[in-house]
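Any read-out appearing in this document is the output of simple, stated calculations on the displayed coordinates, not a laboratory observation. Note that the structure is a prediction, hence the values are computed from the model and not measured. With ideal geometry, Cβ positions are generated from the backbone for all residues, glycine too; neighbour counts draw on all protein chains shown.
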Amino acid sequence: RGAMCCDFLTCFCSCSVLVAFSALAAGLYANELSKFRENDAGTRWVNWIGEFDCGPGVAIERPATVEALQEAVRRHHAVRAVATGHSFNPFACPSFPQGAVIDTTALRAVKVEPHGDGHKVVAEAGVKMGQLQNEILARGLTLRVPPGNSAYTLGGCIATGCHNLGQSHAQDLLAVTIVQHNGSIVEVKRGDADFDAAAVSLGRLGVILSATLEVLPYRTLQWSAEALPLADTPGVIDKLLAMTERQTSRETVGNKLVFYLATGVMMMEHWVPMGRAASLQDAGEPLPPYVNRQPFRVGQGALTRMYAELRAAAFGATPLGVLNALQVPAEMAFKGLHSSPALAAVRKALGWQHSPEARGEGSERPTGNQYTWAGWLDEVMNLLMGLRHVEVIFPLEPKDKAVRCLDAVFAHRHLAWWRLNVRTQQSEGFHLSSTYGEPGAKPVSFARVDFVGPGALLDLPTGEASLTARLRSECPGW
């Protein structure tokens with residue numbers, strides 16, 4: 001009876017400690033999240049999972065009107081426009097430690113207007129791409145290609161040239177309105193002398209206030225995936241060159257190659273446009289709003305700092321062979337969930353594809369973009385593992401140089417977790433675009449290689465620094 005009493009007390013004490021620790025951690029987490037949302041004193045600007053911050057001296061401005069935005073720009077010596085923070089580096093931080101970041105997420109008005117024989121959408125910079133799509137989907141309209149991430153904002157997408165299915169959204173840009181350094185407002189339209197500089201500006205010309213894009217009747221995309229024999233690097237480049245030949249206009253969309261490197265599997269994903277809707281809805285009922293409150297945007301205190309240090313220590317101490325071995329079941333699980341026909345119902349329940357086009361919805365009034373369980377799980381994994389998105393872009397010709405570029409990436413396959421994607425994209429004339437090509441010259445076909453990897457691995461000598469050094473040495477034009 002005495003032994004049973006001791007066991008009970010031990011269990012009770014252990015459980016009490018666990019409950020107390022969990023409550024403390026939950027309280028600290030909630031405090032960090034609240035601090036960023038409320039912009040309390042001492043708040044640091046952080047990205048969407050709290051991994052990067054701009055330092056304690058950088059002010060955070062959150063204007064809700066055009067006039068407040070102009071005043072904020074005038075008030076600070078150095079500013080950077082920010083929003084939902086989907087960056088994996090401190091690029092969003094101002095160049096001076098005492099500057100300011102200007103959060104545009106309160107500026108999100110959207111209106112659809114006639115444009116020639118079609119329509120255009122005029123939207124403020126802070127609207128999320130998922131909500132922008134929902135606003136126009138209610139009218140039977142859509143962007144030419146669905147956004148790659150519903151949580152991005154329009155201003156961030158236009159400024160950085162973000163892309164999907166082989167095209168950037170800036171290609172459909174009709175005009176962009178910018179608040180300049182002195183608070184003045186300028187609109188640059190397609191055809192103006194400065195348009196190619198303003199369309200993809202990386203924030204160098206000012207803070208984007210709004211953008212006007214061509215929108216088109218809704219169409220659905222039919223998705224499929226096929227396993228292919230794992231080719232050598234020259235064979236991969238040949239497949240990519242063949243893919244570019246099928247992109248005959250902006251109405252065609254690009255396929256992509258997906259590599260599961262730990263298990264030696266290569267797949268091709270096909271996206272087939274099914275034709276645009278013939279009728280529009282002039283006054284359609286609004287779709288449910290896209291809402292993502294960013295529940296993992298912490299990075300304001302001791303809890304996340306300690307966790308980041310423990311995570312880095314764990315990755316640094318684990319032998320690379322063990323990490324590579326863990327990749328095998330991880331890849332098999334992800335590949336099955338992503339592409340197995342047997343798990344189609346699971347993908348639908350999780351909301352695996354966030355856009356109605358990608359889900360194959362053929363209705364003239366699709367359901368729209370929502371923050372799904374799949375999106376939540378993706379953010380959980382990003383937070384827990386400190387994942388970063390890496391993209392390497394290089395010309396596909398001459399072929400021998402492209403082979404060396406791709407070999408440099410494959411030599412660092414230990415950095416790519418779950419899968420590695422390779423897409424193609426034609427050059428565009430925007431001066432700061434990552435796929436820039438001289439206007440009037442022969443179009444250049446680019447490969448876009450992207451993957452996610454744990455930040456702790458990327459920070460090791462065998463990580464980002466090693467990949468960058470090899471690309472500089474062997475991949476001209478990357």
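With R₀ set to 41 Å, the beta-carbon distance separating Lys189 from Phe96 gives a calculated FRET efficiency near 0.80.
Our coupling estimate for the range 139-152, obtained by passing each phi through the Karplus curve with A = 6.51, B = -1.76, C = 1.60 and θ = phi - 60°, is 9, x, 10, 7, 5, 4, 10, x, x, x, 8, 5, 8, 4 Hz, Gly and Pro reported as x. Summarising the amide proton neighbourhood of Val265: residues at separation of 5 or more, or on other chains, whose placed amide H is nearer than 5 Å comprise Tyr260.
Were the residues from Val19 through Glu251 laid out at 0.36 nm apart, the gain over their Cα-Cα distance would be 77.9 nm. Counting Lys and Arg as +1 and Asp and Glu as -1 over every other residue whose Cβ lies under 12 Å from the Cβ of Arg305, the net charge comes to -2.
The H on the amide N of Gly50, modeled in the peptide plane, is under 5 Å from the matching H of Val298, each at least 5 residues off or on a different chain. Each of Glu391, Glu428, Glu61 has some number of other Cβ atoms within 10 Å of its Cβ, and from fewest to most they run Glu391, Glu61, Glu428. The H on the amide N of Ala81, modeled in the peptide plane, is under 5 Å from the matching H of Ile102, each at least 5 residues off or on a different chain. Computed on the Cα atoms alone, the convex hull of the range 10-141 gives a volume of 168 cubic angstrom per residue.
Where does the charge balance sit around Ala199 when Lys and Arg score +1, Asp and Glu -1, over other residues with C-beta under 9 Å from its C-beta?
On the way: positive: Arg190; negative: Asp196, Glu428.
Summing Lys and Arg as +1 and Asp and Glu as -1 gives -1.
Taken one residue at a time, the phi angles of the range 56-64 give Karplus couplings (6.51, -1.76, 1.60, θ = phi - 60°) of x, x, 8, 6, 10, 9, 10, x, 10 Hz. Gly and Pro are set to x. Of the trypsin sites (Lys or Arg not before Pro) found in the range 183-279, those in coil by DSSP whose Cβ has at most 15 other Cβ atoms within 10 Å are Arg190, Arg204, Arg246, Arg250.
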